[in-house]
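This report concerns only the one structure given below.
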Amino acid sequence: MGDRVRFSARWAALLAAGGLAALAAPALLGERPFELRMLTIVCLYATLGHGWNVLGGYAGQSSLGHGVFFGAGAYVTACLVGLLGASPWLALPAGALAAALIGVAIGWPCFRLRGHYFVIATLVVAESAFLLVNAWEPLGGAMGLNLPIRPDGFANLQFGRDKTGYYYVALAMLALVTALVWALQRSSFGFVLRAIRDDEAAVRSLGFSPARYKQVAMALSAAIVGACGGFFAQYVLFVDPPSVLALSLSVTIALIPILGGIGTVSGPIIGAAVLVPLSEYSRVWFSGTGRNVDLLVYGALIMLISVYRPQGLAGVLGDALRGARAPAGARGAGAQTGAGGAG
Amino acid sequence: MSEQLFAQLLVSGLGMGFIFALIAIGLTLIYGVMDVVNFAHGEFLMVAMYASFLAWQAWGVDPIVAVPVVAAAMFAFGVGVYWLLVRRVLGKSMHSQIFATFGLMVFLQALAQFLFGADYRAVQQSVLSGVVEIGGIALPGPQLASMAGASVATALLYVLVFRTRTGRLLRAASQDRVAASTLGIDADRMYALAWGIGAAAVGAAGALLSSFYPVFPRVGGAFVLVAYVVVALGGFGSIHGALVAGVLIGLLQTLAGFYVSSQLKFVPVYALYLLVVLVRPRGLFGRI
């Protein structure tokens, strides 16, 4: 017990330091738009990873089609703000809601599918959505939609001159969603979700309806990703199918928590903090030749992790933190017992 | 509409159908033998297409000539992937199995982009380019050749799996791994063989495809999604099923592309996947 308290105190200190650093980052950076943009994207991707994790990590329903929800949020925001002149503060929740509804509509038939049947279903749904929106003229088709440029400020959620505002909005979203996921993980709802992942039949035999729990997880997961899509639309002020609906986006959303640690609160943040700088700096080093060095490293890491460390970088870091405190002898004994158990 | 146009649509649909079938047979064989879906299967196709393209660029080898060589090389590649990666996640969670080949997919795509850039590259003036006139109907040469090549490859595969001792061992391992092991069948070797044959089939498809389709790092995406639909429609694990379903879907997407919209020709194919797995999960010829 005492061990656990010390461990959580360590995390609390880490969290406080991380939070302060995140809040002070723009001031510390000064006039460096490249780094500011990168930090904004880290926050956005970490939030996306949390969204994926709710369904894929906790409930165990791996989706390779979460781009649909990102696209839904982005397009609903773009339509409400661009075509109807609504406030983004109305459009963003509407986008999240639309994504949640689409999620439930997809989940209703697809949750009857298990394992790779489900994964492939999410892939074909996402690709169909891309093709349909790409061909649908009222939504701008392949040309996409522009959002109107309005005066800077939080009221319009636009910060054209000084992008610091976008960073704080993304950071607030990340903090909010992290708190939500943390609470979810400790709630009875979270326990049922993990039980569904581990043994669906057992959950059913205890009188819970896995279908209903999965649908709630889907709605929550889709809403988080949809809100991120809405934020992205406000940030870039332009949406088109390749930027918000591409299959590669769905892949990226899944990559973040898979690398960082599936079904953990810190996983998506670690995953995004590794992925985004890697991709941004490799783009600079290779001067935009589209060489994709980041994905090369990422793919290799995913393979290594799935073979050696299914719990992701969060697991590796957790072990390191724990290992640093444990006496060397105890660690060796533990490893031997582990090896004996596996053999 | 003219008979000639319809005949051309039919040939083109059948040509694509045989290619889809060949890609899907590799996927379904691996799935049938070991219950693992290869999420990097589209990238296997891409690797084979690059191999075929580079052979043409460097030595002027025509893609149709390269088919057996590329298939053999891909056999080795498939066995290598099994030994280095897949074998290590067997018996681990579904997540690990899915993400291992998913990581391979991301890696191979990025590697191709790193080495060759995102440009579309195409074989020029293959012996197959141009048209063949049969009874006053002009038929595209590459599609005819892909039909012929894919039929031969499928027939060879069929003989191997259903008419040889090796094939019997392979099928035994796929039906019951434990029972097969007690009879002295080395399941590990059979799995490696399934990966080799599966990769060789998709390799033959890639070499045939490269004679009339450009190659680029993401080329596998569209084809592999269709291959999943083919495998589902045919019944996961069924080789006959993949063949019949591949031809049906080749025709469906060609006709949908002509009569509905060329932009949306894959949407009915994807919708078919959901329909099959929800209404009849065992597909046309599945065992489940």
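Taken together, the values in this text are just the output of simple stated rules run on the coordinates, not laboratory data. Just so we're clear, the structure is a prediction, and the values are computed from it rather than from any experiment. Here the Cβ positions follow ideal geometry from the backbone for every residue, glycine too, while neighbour counts run over all protein chains shown.
Given springs between every Cα pair under 10 Å in a Gaussian network model of chain B, which of B:Ile185, B:Ile134, B:Ile197 has the largest fluctuation?
Judging by the Gaussian network model, the answer is B:Ile134.
In a GNM of chain A with a 10 Å cut-off on Cα contacts, which of A:Leu295, A:Leu255, A:Leu44 has the highest mean-square fluctuation?
A:Leu295
Calculate the spin-label point distance for A:Leu132 paired with B:Thr166, positioning each point 7 Å from the Cα along the beta-carbon direction, and give it in nanometres.
Placing both labels 7 Å beyond Cα along the Cβ direction yields 4.6 nm.
Order by neighbour count: B:His41, B:His95, fewest other Cβ atoms within 10 Å first, most last. Show your work: numbers first, answer last.
Values: B:His41 27, B:His95 21.
Result, fewest neighbours first: B:His95, B:His41.
Could you work out which residue, out of B:Val65, B:Val33, B:Val47, moves most in a Gaussian network model of chain B, that is, has the largest mean-square fluctuation with Cα springs under 10 Å?
B:Val65
Based on the Cα gyration tensor of the protein assembly as shown, what are the three equivalent ellipsoid semi-axes, each the root of five times an eigenvalue, rounded to whole Å and given largest first?
41, 31, 23
Over the range A:92-183, what is the relative contact order in percent, taking alpha-carbon pairs closer than 8 angstrom and at least six residues apart?
8
In deg cm²/dmol, rounded to 500, what helix-only [θ] at 222 nm does chain A give when every DSSP H run of at least 4 residues adds -39500 (n - 2.57) and the total is split over its residues? Walk me through the numbers on the way to the answer.
Numbers: 15 runs with 254 residues, N = 343.
So the calculated ellipticity at 222 nm is -25000 deg cm²/dmol.
Residue by residue, what Karplus-based ³J(HN,Hα) values in Hz, rounded to whole numbers, does the range B:93-106 have, using 6.51, -1.76 and 1.60 with θ = phi - 60° and x for Gly and Pro?
Result, ordered by residue: 5, 3, 4, 4, 5, 5, 6, 4, 6, 5, x, 4, 4, 4 Hz.
Put +1 on the Cβ of every Lys and Arg and -1 on every Asp and Glu Cβ in the range B:116-227; which of B:Gly220, B:Ser174, B:Ala150 then has its Cα farthest towards the positive end of the dipole?
Of the listed residues, the answer is B:Ser174.
Gain in length, A:Phe208 to A:Arg112, computed as 0.36 nm per residue apart minus the alpha-carbon separation, to one decimal in nm?
Answer, rounded to one decimal: 33.0 nm.
So, with +1 on the Cβ of K and R and -1 on the Cβ of D and E, and no other charges, what is the size of the charge dipole of the range B:19-219 about its Cα centre, to the nearest 20 debye?
520
Under unit Cβ charges (Lys, Arg +1; Asp, Glu -1), what dipole magnitude, rounded to 20 debye, does the range A:32-245 have relative to its Cα centre?
I would put it at about 420 debye.
Would you please classify the overall shape of the range B:19-219 from the alpha carbon gyration tensor, given that a ≥ b ≥ c denote the square roots of the eigenvalues, rounded means a/c under 1.5, and beyond that prolate means a/b larger than b/c while oblate covers the rest?
Oblate, since a/c reaches 1.5 and b/c is not below a/b.
Counting Lys and Arg as +1 and Asp and Glu as -1, each charge on the Cβ, what is the dipole of the protein assembly as shown about the Cα centre in debye, to the nearest 20?
Dipole magnitude for the protein assembly as shown comes out near 1660 debye.
At a Cα cut-off below 17 Å, give the aspartates and glutamates reachable from A:Lys163, other chains included and same-chain residues fewer than 8 away excluded.
Qualifying aspartates and glutamates at Cα under 17 Å: A:Glu31, A:Glu35, A:Asp152.
Set the Förster distance to 35 Å, then compute FRET efficiency between B:Thr182 and A:Arg194 from the Cβ-Cβ distance, nearest 0.05.
Computed FRET efficiency for B:Thr182 and A:Arg194 comes out at 0.45.
Quick one: if the Förster radius is 35 Å, what FRET efficiency do B:Ala155 and A:Ala142 give, using the C-beta to C-beta distance and rounding to 0.05?
Numbers: r = 42 Å, r/R0 = 1.19.
About 0.25, to the nearest 0.05.
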